[in-house]
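Values quoted throughout were computed directly from the atomic coordinates according to the rules given, and no laboratory measurement underlies them. The structure presented is a predicted model; accordingly, all values stated were derived computationally and were not measured. No Cβ is skipped: glycine too gets one built from the backbone with ideal geometry, and neighbour counts run over all protein chains shown.
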Amino acid sequence: MNDGDLAIRSRRDNEVFELIPVSKLTSVLPRSLIRDHVHWYNTKTHVFEIRPLSDCWTPNLEKNWSTVTELKGGPALSRQQEFGVRQFLICPSHALSRAIHGVFSPLEQSPLDLVISFNYEYSINCEPQPLSIALPRYNLTFAVSEQGELSCLSHRGFIVDSNDDVGTFYGLSSKLVLCRPSEIGRERKLIVPIGSITPTSTGADHPTVCIRVPCDAVSVGYRVFEVDDLLGRLRETTFSDRLYRLYLHALTSHQLVDPLTKRTGTEEALEGLKQATSFSFQTLDDEDVKLLQHLGQLTPQRSFYSRQTKTMQTVRRHITLPSTLQHHDFAATVQKIWSYWLSLRVFYPEFKEKKCEEFLSDYGTEEQEQLTRRAAARNCFCAPSGSEPPNSRASDRNYTPQDCMGESDSVHRETLAFEMAKLVQEWPANLDVTAQLLSDIKGWGGVEAQQATLDYSSVWVEASLRTVWRSLYNLCCAAQKETDGSKLTFLLGTLAYRHPNERHLHSTLLAFATNPQFAQKDYSGDLIFSYGDAPTEHTLRSFVTSDTVHFDRSSESAELDRLVWTPEHDRSFRSRYASRLQQQINECVARLFTSRYQGSVPPSDLSTFDLLKQESLLRQLNVTLGHCYRNR
């Protein structure tokens with residue numbers, strides 16, 4: 001309903017009903033009582049009624065939610081139940097509703113998605129009965145027991161467990177744990193909603209997994225997993241539940257084993273995918289295929305950086321997950337399940353006629369398999385694989401890693417890095433620096449300015465010195481041995497190893513830090529050496545000539561307009577304009593040439609030249625003079 005619904009009226013038995021717009025009720029009613037319902041207000045009796053959309057024109061103050069009955073002297077939403085008991089609704093904004101929502105917030109993000117009520121029987125000394133909590137989208141109902149526990153009426157005998165630690169799925173925020181207390185042991189269930197699984201992680205901490213459910217969804221499905229403490233596992237019912245569980249195990253994995261499974265999440269997921277149960281299915285629906293693809297994509301994609309040399313590779317990982325979770329076996333294991341499904345499709349005409357969609361096509365290339373096998377061989381101790389034969393490393397090619405010290409070039413680089421680190425620790429005031437710094441910098445064609453710190457960044461080693469020179473210069477001039485010595489050691493040592501042919505420039509950078517003459521000299525702005533040290537007379541003349549006032553806007557043109565136009569007058573005034581313009585150009589160029597070493601031009605220097613566009617010329621001159629000043 002929209003705001004226009006307010007104009008609708010219904011007259012019945014001399015009573016006037018007014019249809020209330022939904023926009024006025026979204027913050028005071030549960031969403032399940034707004035969705036597929038209409039809301040009427042009797043302007044005569046002041047009774048508010050919620051009717052189902054299927055029967056929106058028939059009033060029923062007993063069956064429908066309405067304010068026909070008061071509670072403790074005030075209007076309250078209620079409806080009639082069996083045996084004379086009336087059910088009253090608690091406002092979602094009430095403090096009690098917010099407290100109860102704290103328990104069910106892993107499933108529902110807003111208190112408006114809960115329906116909290118209580119039964120009340122009008123009799124002598126009758127108190128309100130315990131609360132009832134409903135999650136309409138999940139079709140779950142709970143009730144507060146006499147002991148203060150939340151009993152689940154949808155799963156008889158189970159209550160909400162105050163301890164949500166089931167020994168696995170650490171980091172999964174969207175879950176609700178139920179338990180059946182007994183003297184022998186606690187039977188437990190885990191309720192996990194079905195939705196978009198979104199993992200987040202900085203790479204340094206344990207990943208957090210959230211299952212997002214659309215706010216406008218009418219119904220939400222969920223999966224139930226039983227906790228088997230005896231066998232150390234989670235039990236599921238269907239094949240889809242199994243894939244869902246294995247994917248969550250993989251996303252919530254950690255280097256330490258889970259107390260329940262005695263395995264890491266990655267090991268549990270891989271072991272579960274390889275078991276015969278993962279091949280015991282009749283069909284795969286679209287959700288199952290998506291889960292298999294998500295599991296397979298946990299394997300990093302690898303390709304040769306250069307197919308000619310085949311010495312370097314490009315690795316594309318899941319940017320929101322730690323690299324320890326992205327095992328090399330996922331893609332190959334999932335592809336076996338997919339191949340098994342392709343062999344079964346011939347028995348199902350509805351699937352046989354469908355076009356076979358691409359499944360992890362980027363993982364089936366020869367170079368992906370070769371590089372993944374190489375990664376498995378190198379990571380066999382930190383990420384063991386159970387799918388490769390013991391002699392799989394024998395078929396790998398011999399290659400020299402970048403961090404290998406067996407090559408002469410690597411030894412030379414390490415020597416330079418050691419020498420540079422030693423110089424930084426000694427912090428000498430006199431260093432062997434380059435005498436050709438000006439020509440070296442001019443050979444770059446320019447120097448860019450960037451905001452940076454001495455903290456390590458890939459920009460220092462990936463970019464050229466032309467890009468980072470200005471930042472390094474400013475940082476070194478302000479560096480102090482006590483506070484910045486360690487960072488400068490690491491930075492200059494890395495540069496020496498990365499660019500061994502530019503050692504003279506690295507020692508010069510260190511001299512800017514150790515020599516007190518350069519202390520606190522900070523220069524900003526880009527250097528573009530094409531501007532030179534100072535603009536030439538030809539450059540200045542071209543600037544002035546391009547910013548002149550046209551004859552139509554000159555004083556000569558204004559004086560001509562006051563006279564009777566004749567060809568003789570026109571030629572005379574135009575000749576006078578051209579002569580005066582040339583004179584002003586020559587005088588302006590001469591004045592600018594004498595002050596070309598200044599950083600800018602004062603506006604007063606151009607104020608006497610009325611035939612020049614002073615603002616645009618001043619702006620162009622200041623840009624050029626500013627670059628020349630920084631270059632000097």
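Neighbours of Ile585, meaning other residues whose beta-carbon lies under 13 angstrom from its beta-carbon, give a summed charge of 0 when Lys and Arg score +1 and Asp and Glu score -1. Arranged from fewest to most other beta-carbon atoms within 10 Å of their beta carbon, Val192, Val433 become Val433, Val192. Taking amide hydrogens as placed 1.01 Å from N in the peptide plane, the amide H of Leu172 sits under 5 Å from those of Val209, each at least 5 positions away in sequence or on another chain.
Using the Cβ-Cβ distance between Ser457 and Thr536 with R0 set to 51 Å, the FRET efficiency works out to roughly 0.80. With the alpha-carbon atoms of the stretch 563-632 aligned to their principal axes, the span from lowest to highest coordinate is 55, 19, 17 Å, starting with the largest. Near Val549, once Lys and Arg are set to +1 and Asp and Glu to -1 for all other residues with Cβ below 10 Å from its Cβ, the sum equals -1. Computed extension length for Ser145-Gln425: 93.7 nm, one decimal, from 0.36 nm per residue of separation with the Cα-Cα distance subtracted. Stretched out straight at 0.36 nm per residue, the stretch from Phe304 to Trp57 would grow longer than its current Cα-Cα span by 82.0 nm. For His37, His550, the sequence from fewest to most other C-beta atoms within 10 Å is His550, His37.
Within the set Lys422/Lys487; Lys290/Lys336; Lys310/Lys336; Lys274/Lys336, which residue pairs have Cα atoms separated by over 18 Å?
Lys310/Lys336
Using the Cβ-Cβ distance between Phe518 and Thr311 with R0 set to 51 Å, the FRET efficiency from 1/(1 + (r/R0)^6) comes to roughly 0.80.
Report the extension gain between Ser575 and Leu344 in nm, rounded to one decimal, defined as 0.36 nm multiplied by the number of residues separating them, less their alpha carbon distance. List each step's numbers first, then the result.
Values: separation 231, 0.36 × 231 = 83.16 nm, distance 9.59 nm.
Length gained, Ser575 through Leu344: 73.6 nm.
Once the Cβ-Cβ distance of Tyr597 and Asn501 is raised to the sixth power relative to R0 = 30 Å, the FRET efficiency obtained is 0.25. Counting neighbouring Cβ atoms within 10 Å and putting the fewest first, the residues His412, His327, His39, His499 line up as His412, His499, His39, His327. The mean sequence separation of alpha-carbon pairs under 8 Å and at least six residues apart, normalised by the residue count of the stretch 532-631, gives a relative contact order of 45 percent. Distance between the pseudo-spin-label points of Ser110 and Arg466 (7 Å out from Cα toward the beta carbon): 5.5 nm.
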